[in-house]
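**Student:** Please read through the structure below; I'll follow up with questions.
Each reported figure results from applying straightforward, stated rules to the coordinates on display, with no laboratory input. This one's a predicted model, so the numbers in the text were calculated from it and none came from an experiment. Cβ placement follows ideal geometry from the backbone for every residue including glycine, while neighbour counts extend to all protein chains displayed.
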């Protein structure tokens, strides 16, 4: 289960949220840069290990399998971090994160198609953040390439962002409906049945009974 990514690469979140805080703490830009580089280095180091755990190891049972969604979050998070705090991003860092991020996103889409056919499980919530940050990354890249004058690259990432936001919205809405269903069933079976009827209207009951 690749949760080791959360501890080390999750520090990049600090760089994403640091914009504008230098007026309060002057050292914020330096701290944000350190957090970005820390996360990038450990992403590069841990990626082979995490991929081995996911694809070669047999320790991932059906209950833990949805956590593979985590593997695609560090790369787009790094892209957002770089484009947030670096006026002149390192092209090699950016290219590495873009390429690995897109490959891992496709892998995660494959797992989503496979797992969602089996019905809803609360652990599917592990897919929500990776899909959301990947969408934000695509739109940030579109803006970045527009600024550089690379219209074709900008349009490509704009298109990818539009596709990703559609998929991410569906998955997040799917999770919301089913968690509401669980909640309403816990407090009132009739309310739970009503939510299930609404699910059927938008494409079939996805709650695993």
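**Student:** Between residue 151 and residue 182, what is the FRET efficiency for a Förster distance of 41 Å, r being their Cβ-Cβ separation, to the nearest 0.05? Write out the running numbers ahead of the final one.
**Tutor:** Working: r = 46 Å, r/R0 = 1.13.
For R0 = 41 Å, the calculated efficiency reads 0.30.
**Student:** Between residue 162 and residue 25, what is 0.36 nm times their sequence separation minus the Cα-Cα distance? Round to one decimal in nm.
**Tutor:** Details: separation 137, 0.36 × 137 = 49.32 nm, distance 3.63 nm.
Extra length available between residue 162 and residue 25 comes to 45.7 nm.
**Student:** Another question about this same structure. Just rank 92, 52, fewest to most, by other beta-carbon atoms within 10 angstrom. Walk me through the numbers before you get to the answer.
**Tutor:** Working: 92 8, 52 11.
Ranked by crowding around the Cβ, least crowded first: 92, 52.
**Student:** Answer rounded, prolate or oblate for the stretch 4-201, using the Cα gyration tensor with square roots of eigenvalues a ≥ b ≥ c: rounded when a/c is under 1.5, else prolate when a/b is larger than b/c, else oblate.
**Tutor:** On the way: a/c = 1.81, a/b = 1.65, b/c = 1.09.
Verdict is prolate for the stretch 4-201.
**Student:** Quote the FRET efficiency, to the nearest 0.05, computed for residue 6 versus residue 90 with a Förster distance R0 of 25 Å and r equal to the Cβ-Cβ distance. Spell out each step's value before the answer.
**Tutor:** Details: r = 24 Å, r/R0 = 0.97.
Plugging the Cβ-Cβ distance into 1/(1 + (r/R0)^6) gives 0.55.
**Student:** Treat the count of other C-beta atoms within 10 Å as a stand-in for reagent exposure and order 142, 137 from fewest to most.
**Tutor:** 142, 137
**Student:** How would you rank 28, 133, 12, going from fewest to most other Cβ atoms within 10 Å of each one's own Cβ? Display every interim value, and only then the final one.
**Tutor:** Details: 28 18, 133 24, 12 31.
Arranged by neighbour count, lowest to highest, 28, 133, 12 become 28, 133, 12.
**Student:** For Cα pairs less than 8 Å apart in space and 6+ apart in sequence, what is the mean separation divided by the residue count of the stretch 4-201, i.e. the relative contact order in percent? Working shown, then result.
**Tutor:** Working: 203 pairs, mean separation 35.6, N = 198.
This gives 18 percent for the stretch 4-201.
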